[in-house]
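The structure appears below as structure tokens.
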Ligand SMILES: [Zn+2]
Ligand SMILES: [Zn+2]
């Protein structure tokens with residue numbers, strides 16, 4: 001099968017990988033769309049964020065969707081021709097986290113594209129337990145961004161209790177933040193977006209954000225907007241130190257902050273910023289498997305498939321010069337979601 005291989009720092013090619021056999025509990029998915037994610041860049045830089053394999057050892061890509069074309073002997077509940085998105089984490093299946101629908105928290109968790117072959121290929125062999133059926137109204141393009149991007153943001157906003165009575169501020173409106181805008185609007189909230197780049201704020205407003213502020217003006221503007229009270233919920237998609245600090249400054253009393261971005265650190269004043277305001281600060285990583293139907297309903301019934309596809313700015317065929325451009329532009333922050341279509 002053809003699939004992407006990282007052959008050096010910031011160098012990718014489409015090469016021939018050996019076809020894998022389908023195990024008893026596995027299926028083979030014919031990939032119809034596979035999305036790039038920020039964490040894929042760690043592989044691109046030859047320093048994979050997860051797992052112990054050397055870069056280039058497996059096909060990258062952990063946000064695929066496609067059609068089941070072959071089924072293992074012990075698989076039930078799936079048929080050839082089923083349209084699926086693939087959840088990227090595969091756990092042991094029996095620990096408390098797996099049983100609870102959080103295979104990413106399993107001590108034996110393996111991630112597509114890091115620990116085993118990923119989805120940037122013509123086909124993918126994956127445990128049937130990782131396949132999530134998608135509704136007829138959902139395109140493969142949307143399905144590929146429904147797991148790690150929309151699904152993750154849905155879980156974050158739901159955990160933060162975001163609803164129609166509240167304002168939520170989303171800091172950093174790259175692809176994850178934009179997915180947050182779609183979800184938060186569909187959940188009824190008034191949405192404020194904050195970014196350092198005006199063009200990203202414009203994209204967020206085009207997707208429905210109610211207010212958009214540059215980082216430098218955000219604190220004052222949000223204080224004015226909320227009559228000094230601050231917002232009920234904040235999601236930081238950047239992980240950058242000034243953004244984390246800003247999140248604690250703009251959140252109101254009894255407010256909640258969801259942390260999605262990683263990388264930075266911040267010193268937080270315990271009295272003024274957490275204890276005195278009774279703030280709840282949560283880490284957020286992926287979604288709970290049982291939420292999949294809610295995520296599909298949110299996308300199809302409230303966001304709309306066509307609007308969800310607007311998170312995608314570039315679609316490339318799975319061919320060598322094309323995929324190189326896709327990775328390069330994504331790395332240079334010149335795209336929203338980038339999709340490869342074999
Ligand atoms: Zn990801
Ligand atoms: Zn487990």
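Throughout, read-outs are computed from the coordinates displayed, never taken from laboratory work. Just so it is clear, the structure is predicted and the values come from calculations on it, not from any experiment. Cβ atoms come from the backbone with ideal geometry, glycine included; neighbour counts cover every protein chain shown.
Side notes on the structure shown:
- Acute angle (nearest 10 degrees) that the helix 320-331 long axis makes with the longest principal axis of the chain, alpha-carbon atoms: 20 degrees
- For the range 143-177 versus the range 111-134, the gap between their alpha-carbon centres in whole angstrom: 24 Å
- Protection proxy ranking for 320-330, 46-56, 246-256, using the average of other Cβ atoms within 10 Å per residue and placing the highest first: 246-256, 320-330, 46-56.
- Separation of the range 188-265 from the range 1-59 is 34 Å, based on Cα centroids.
- Ellipticity estimate at 222 nm from DSSP helix runs (n ≥ 4, -39,500 (n - 2.57)) divided over the chain, nearest 500: -7000 deg cm²/dmol
- Reciprocal mean inverse distance between Cα atoms of the range 107-242 - Kirkwood radius, Å: 16.5 Å
- Among 6-18, 127-139, the order from most to least packed when residues are scored by Cβ within 10 Å on average: 127-139, 6-18
- Share antiparallel - DSSP beta bridges, the range 189-342, percent rounded to 5: 0 percent
- Extending 7 Å from Cα along the Cβ direction at residue 202 and again at residue 216 yields two label points whose distance is 1.8 nm.
- Of all DSSP beta bridges in the range 61-194, antiparallel share, percent nearest 5: 55 percent
- Estimated FRET transfer efficiency when R0 is 51 angstrom, pair residue 47-residue 229 (beta carbons, to 0.05): 0.75
- Helix 175-186 axis versus longest C-alpha principal axis of the chain: approximately 70°, rounded to the nearest ten.
- Taking the DSSP beta bridges with both ends in the chain, the antiparallel portion is around 50 percent.
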